[in-house]
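What follows is a set of notes on a single structure, which appears directly below.
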Ligand SMILES: [Zn+2]
Ligand SMILES: [Zn+2]
């Protein structure tokens, strides 16, 4: 599973960090987690096949997470390298159908009939299978009346092990998120406000640390930082708040490769070489167990 940060920023215009968007590539999936302004151009800038997306998943409908949907559909209709027939499945909290209908009224019929099937799915508490080997789960977050956090668990085609990733979307502190994300290989967590927070509805280094202590992800990636929080110093603030796991603040274009644990054998020498692309190939946050039980969730050994 490869997860690429397309947009690590906020609603604030930035030359370096676009609005929230993350690309998950795994098996037959090419799935976006949020599609904020600049998402489609960002995919192209990173050399990603934006025309081959299979799913778009929205955490909520604030503009910085949602606004590139009409542009994506317009581009898929008019600019794919070959005519697209692949269905696109769009998932989001309740209200998705009303918003897509409003976009159709504003922009035209291509929103719902771009030349290939578009399926809308308003998600609830039930797991949603996606692709052949993956499941999405959702839990409400204290941010808006409809905002959701997202968890993806996927079978590794090669080993059958489970690879997992979590995305907080936008959220205030909520102990339920700790259980929801427990043990994920990669947790992408918003960290919008400094401590003490100027308002509710977002996390801070201290509350991200509290969440991560419950989750114990292999890797914790901070995103969605508003000034005066600085991406260069935010990981240290999370550690200073008591979290001793691996934490970083990726730039736009950086990738995480989530792969199964290598069991009872040393990693191949190539795993220790410097990557040729911008992927994070980070050792596990703690030494891999010598004899992990069969079927245990695999680690982010990137
Ligand atoms: Zn929001
Ligand atoms: Zn936001």
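The values are calculated or read from the model by the stated rules, or taken from the named source; none is laboratory data. Every value quoted in this text rests on a predicted model; they were computed, and no experiment measured them. Counting neighbours? That spans all protein chains shown, and the Cβs are built from the backbone with ideal geometry, glycine included.
Scanning region 15-24 for residues that are more than 16 Å from ligand 1 (Cβ to nearest atom) and either crowded, with 17+ Cβ neighbours inside 10 Å or under 10 Å from residue 68 (Cβ atoms) (or both) gives 23, 24. In the set (1) within 16 Å of ligand 2 (Cβ to nearest atom); (2) at pLDDT 95 or above, the condition left unmet by residue 198 is number (2). For region 81-97, a residue qualifies if it is over 22 Å from residue 136 (Cα atoms) and surrounded by fewer than 17 Cβ atoms within 10 Å (Cβ to Cβ), and the qualifying residues are 81, 82, 83, 85.
Apart from one condition, residue 37 fits all of (1) more than 16 Å from ligand 1 (Cβ to nearest atom); (2) free of Cβ contacts under 8 Å to residues at least 40 places away in the same chain; (3) outside any helix (DSSP H, G or I); the exception is (1). Note on region 70-110: residues that are touching a helix residue (DSSP H, G or I) at 6+ places or on another chain (Cβ under 8 Å), assigned to a helix (DSSP H, G or I) and under 16 Å from residue 57 (Cα atoms) total 6. Per the listing 20, 70, the residue uniquely at pLDDT 95 or above and away from ligand 2 (no atom under 16 Å from the Cβ) is 70. Checked against (1) modelled with pLDDT of 95 or more; (2) part of a loop (DSSP other than H, G, I, E, B); (3) farther than 25 Å from residue 2 by Cβ, residue 124 passes all but a single condition, namely (1). Is it fair to say residue 12 is under 16 Å from the mean Cα position of the chain (by Cα), within 16 Å of ligand 1 (Cβ to nearest atom), closer than 25 Å to residue 192 by Cβ and in a loop (DSSP other than H, G, I, E, B)? No. Only a single criterion out of (1) away from ligand 1 (no atom under 16 Å from the Cβ); (2) at positive phi is not satisfied by residue 48, namely (2). Of the residues 212, 149, 192, 165, which is buried (at least 20 other Cβ atoms within 10 Å of the Cβ), touching a helix residue (DSSP H, G or I) at 6+ places or on another chain (Cβ under 8 Å), closer than 18 Å to residue 249 by Cα and touching a residue at least 12 places away in the same chain (Cβ under 8 Å)? Matching residue, one of 212, 149, 192, 165: 212.
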